[in-house]
């Protein structure tokens, strides 16, 4: 019989928390869709308040890659990668994402499902964030996920409601 060993912090664990956030954004669905799928627009709102995205590369197609580097106000860069699994314009995006540690190793993997429901003069956006796999080091990142997504969606709403054609990337 194999000896039992305690899990190391870097061992992977299955599953984890799920976050579901909905927000009505006072902009047409097509505008909100573009903000999610055009790199220049995505870079302007992705991430918590005061973060910038010096790298924001997305290939919006099933199997397409995602690479975003979020820079915190203190200069620390938080890289993430992912893959689009489903792209159904302008109704639904499904993609995996993973925050990377300093060595480029995923700390966790998340399945994200974003739906865009057209409403009169607005869009109802729903984001479902489901942790699929995580490491012991993922805790602090996942603990801030709900706040981070809430702030990101507020930034998105501000962008598309006040300046829907904005394409300038803050670096």
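Per the conditions (1) surrounded by 15 or more Cβ atoms within 10 Å (Cβ to Cβ); (2) under 15 Å from the mean Cα position of the chain (by Cα); (3) modelled with pLDDT of 95 or more; (4) not in a helix (DSSP H, G or I), the sole criterion not satisfied by residue 27 is (2).
Applying the criterion of being buried (at least 20 other Cβ atoms within 10 Å of the Cβ) and under 14 Å from the mean Cα position of the chain (by Cα) to the residues of the range 110-126, the residue that is modelled with the highest pLDDT is 125. Please work out if residue 114 is closer than 16 Å to residue 23 by Cα, assigned to a helix (DSSP H, G or I) and in contact (Cβ under 8 Å) with a residue 24 or more places away in the chain. Spelling it out, it is not the case that residue 114 is closer than 16 Å to residue 23 by Cα, assigned to a helix (DSSP H, G or I) and in contact (Cβ under 8 Å) with a residue 24 or more places away in the chain.
Under 17 Å from residue 156 (Cα atoms) and either out of contact with any strand residue (DSSP E or B) (no Cβ under 7 Å at 6 or more places or on another chain) or at pLDDT below 95 (or both) - does that describe any residue in the range 82-91? Scanning the range 82-91, I find no residue that is under 17 Å from residue 156 (Cα atoms) and either out of contact with any strand residue (DSSP E or B) (no Cβ under 7 Å at 6 or more places or on another chain) or at pLDDT below 95 (or both), so the answer is no.
Of all the residues in the range 134-152, those that are surrounded by fewer than 18 Cβ atoms within 10 Å (Cβ to Cβ) and more than 13 Å from the chain's Cα centre (by Cα) number 5. Condition test on residue 41, is it at pLDDT 95 or above, surrounded by 15 or more Cβ atoms within 10 Å (Cβ to Cβ), more than 21 Å from residue 126 (Cβ to Cβ) and more than 13 Å from the chain's Cα centre (by Cα)? So residue 41 does not fit the description; no.
The one condition from (1) touching a residue at least 40 places away in the same chain (Cβ under 8 Å); (2) loosely packed, with under 15 Cβ neighbours inside 10 Å; (3) outside any strand (DSSP E or B) that residue 90 does not meet is (2).
The values are calculated or read from the model by the stated rules, or taken from the named source; none is laboratory data. Since the model is a prediction, treat every value here as computed from it, not as a measurement. All Cβ positions, glycine included, derive from the backbone under ideal geometry; neighbour counts span all protein chains shown.
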